[in-house]
1. When the dipole is taken about the Cα centre of the stretch 310-482, and only Lys, Arg (+1) and Asp, Glu (-1) are charged at their Cβ, what size is it in debye, to the nearest 20?
2. Please count, across the chain, the pairs of lysine residues with Cα atoms under 16 Å apart that sit 8 or more places apart or on different chains.
3. Bins of 10 Å, beginning at zero and ending with the bin holding the largest distance: percent of Cα pairs per bin for the stretch 1-129, please.
4. Among Ser357, Ala393, Gly375, flag the residue with its Cα farthest along the positive direction of the charge dipole of the stretch 310-482, charges on Cβ as +1 for Lys/Arg and -1 for Asp/Glu.
5. Please give the length that would be gained between Arg91 and Ala674 if that part of the chain were fully extended, namely 0.36 nm times their separation in residues minus their C-alpha to C-alpha distance (nm, one decimal).
6. Report the one residue of Ser26, Leu133, Pro221 whose Cα lies farthest in the direction of the positive end of the charge dipole of the stretch 7-277 (charges on C-beta: Lys and Arg +1, Asp and Glu -1; origin at the Cα centre).
7. Restrict the search to the stretch 271-356; then list the GluC sites (Glu not before Pro) that DSSP places in a loop and that have at most 12 other Cβ atoms within 10 Å of their Cβ.
8. Quick one: what does P(r) look like for the chain with 20 Å bins over all Cα pairs, in whole %?
Amino acid sequence: MSDAPGCRLNVDADNIGWLVLDKPGSSANTLGHALLLELHQQLEQLAPRSLRGLVVRSAKASGFIAGADIREFVDFQSEAAALEQIRLGQRVCAQIEALPYPTVAAIHGFALGGGLELALSCRYRVAVGDSRLSLGLPEVQLGIHPGFGGTVRSVRLLGVRAAMALMLTGRSVRADRALKTGLVDRLVATGAELDDAARHILRTAPRPHRPPLMQRALSWPGVRALLRPALLRQVQASAARAHYPAPYAIVDLWSRYGAHGEAAFDAEARSIASLFHCDSTRNLIRVFLLQDRLKSSAGKAAAPVERVHVIGAGVMGGDIAAWCALRGLAVTLQDRELKFIEPALTRARTLFEKRLSTPAERAAAGERLRADVEGAGVAQADLVIEAIFEDLAAKQALYAAAEPRMRADAVLASNTSSLTLESLATTLADPTHLVGLHFFNPVPQMPLVEVVHFPHTRPEVLARAVAFARRIDKLPLRCRSSPGFLVNRVLFPYLHEALHAAGEGIAFGAIDRAAVEFGMPMGPIELSDVVGLDVVLHVGEIVTRALHQEEPPFVGQLRQWVQEKKLGRKSGQGFYTWRDGKIVRPPSSAPPQDLADRLILALVNECVACLREAIVEDADLIDAGVIFGTGFAPFRGGPLAYARARGVDACVGRLESLAQRYGARFRPDAGWAALRPAP
């Protein structure tokens with residue numbers, strides 16, 4: 001045992017053991033090699049003891065266990081080294097399962113990945129059933145699958161359908177769903193009740209949860225063969241095997257072994273060890289580490305934001321206000337009349353209903369969000385966010401009215417998606433308190449916020465804005481003020497190349513198919529419909545004009561559609577027809593051979609320009625911003641990671657070839673030279 005043990009055992013007067021996890025030097029428990037080895041040694045000593053029961057719990061305020069320590073797996077040089085670590089995790093979980101007395105995992109906050117797998121090895125699970133509770137097996141999002149026995153124990157406990165939903169999507173489940181499926185046996189309202197709930201379940205020793213017979217029957221050999229094709233179709237609808245092998249491996253493991261026997265555990269270990277050495281897995285783990293970098297980029301602000309005033313109750317402003325209230329801030333929402341604010345309050349109630357577990361939590365969030373037609377909240381706010389339409393004169397007029405009423409120490413932020421801070425600040429009395437906070441639509445789903453600064457922004461104002469983004473659980477990306485910042489700037493060459501292709505008569509569906517086959521979550525034509533053709537047209541005009549670029553001829557057709565109120569999904573008609581918010585997709589032909597390169601290399605070339613101009617700090621942050629801001633194919637690791645993997649010279653040569661055929665817009669940026677490895 002180390003001088004600062006990661007787990008400690010206490011035995012109380014009722015002869016109940018309390019195994020408390022407390023990884024040294026960390027705000028969260030992760031199952032790295034050192035902690036797993038400690039657990040293994042502790043459990044060896046526990047096995048022969050005659051306890052009434054054992055409770056496994058966390059000393060961390062943040063939660064139970066966040067999962068395995070993925071950084072350790074990145075450093076493994078061989079499949080054998082990864083397999084050794086996985087087998088240690090499996091051994092620890094098997095030791096807990098084999099203890100001769102009942103065991104219970106007492107969970108608060110999160111139990112994710114290897115943390116939930118450890119909890120599954122206990123006979124019972126009790127949890128604090130508030131909105132912080134997050135139970136899930138998200139490994140598939142890293143290109144792997146559960147490896148500490150989770151592919152076996154989840155099926156045994158929950159049945160095939162619920163277990164597959166947990167593993168194949170990687171999504172976490174809420175408290176009420178966890179109780180209904182049997183993932184947890186008891187819920188309590190507060191952390192103060194958790195230990196008593198654990199004691200009670202050990203004393204009463206109820207029969208452990210088992211799925212209904214019908215669910216157990218799905219794992220019988222003959223039935224597995226019938227169900228396998230349906231599961232594969234479900235996976236194929238959202239992920240190609242070549243890009244994302246992990247979900248297919250999950251189905252393969254279950255269909256071969258039925259979550260039964262030691263062979264199932266052995267196969268799980270070998271499967272995940274092999275996945276760690278796939279290019280797609282390495283890239284997905286890279287994305288995970290980039291996300292961690294964005295999270296850790298925010299220090300603690302000297303004066304944290306507690307009160308927010310949002311001006312503009314449209315879709316973006318209203319949803320920003322609702323999200324801030326959801327995350328615990330006091331928010332006032334201003335617009336010209338109450339009738340413009342009421343739809344935002346209705347959407348907010350829907351968000352609270354979806355995201356918060358208890359009526360008390362929903363009511364509290366509702367009380368934190370108030371309509372404020374007169375704008376009285378400006379004077380009390382730590383942060384004022386302007387979220388009106390993208391018009392320079394209108395924004396400057398708003399600042400002229402709001403700035404004199406703001407506190408001297410308050411931050412003024414614009415949700416502008418394309419206008420530079422230099423242009424917005426020209427009429428401000430104090431430009432040093434101005435930042436950009438560019439949220440993406442839909443606000444509840446999109447994780448990134450571009451935190452934009454310019455030479456006048458005071459460092460403490462920027463630090464406060466970054467800390468605010470983390471306070472509301474967003475990923476802050478510091479960007480230098482420039483037309484379109486990072487995400488929209490690199491996105492528009494991609495969208496415009498799609499319009500060039502459309503102008504050449506290439507079918508919309510074929511254009512989208514080229515992007516989706518590359519790995520994008522949706523094609524550029526569909527994306528334009530989803531964003532709104534009016535927004536695409538307006539922001540595109542601003543960015544294109546500011547960067548002295550030429551518009552595709554097809555923009556003329558776009559202007560006509562906007563005049564006719566054909567705006568895409570929100571109007572029911574754009575490039576595609578939309579019914580009840582769903583696309584009516586016509587059959588698509590195969591795209592031209594060079595179309596994927598035209599779309600993707602246009603985006604990558606602009607990323608290289610942004611790196612050369614230092615729009616963000618480095619290449620990794622460009623990859624992070626484009627992945628989390630646009631959904632760029634995560635399994636490729638980001639646009640610049642993709643370029644390096646393909647080869648800088650190969651990319652430059654391809655751009656030169658495209659420039660000869662299609663024009664100067666494909667001319668390689670001067671920044672490509674900096675991406676070449678040093679000789």
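None of the figures in this text is laboratory data; all of them are computed from the coordinates on show. Because the structure is a prediction, the values reported are computed rather than measured. Positions of Cβ are backbone-derived with ideal geometry, glycine not excepted, and every protein chain shown enters the neighbour counts.
1. In debye, rounded to 20, the stretch 310-482 gives about 520.
2. 5
3. With 10 Å bins starting at 0, P(r) equals 13, 47, 33, 7, 1.
4. Farthest towards the positive pole: Ser357.
5. Once the chain is fully extended between Arg91 and Ala674, it gains 205.2 nm.
6. Pro221
7. Values: sites: Glu306, Glu337, Glu353; in loops: Glu306, Glu337.
Counting only loop positions with at most 12 other Cβ atoms within 10 Å, the GluC sites (Glu not before Pro) in the stretch 271-356 are Glu337.
8. Bins of 20 Å from zero give 17, 46, 32, 5, 0 percent of pairs.
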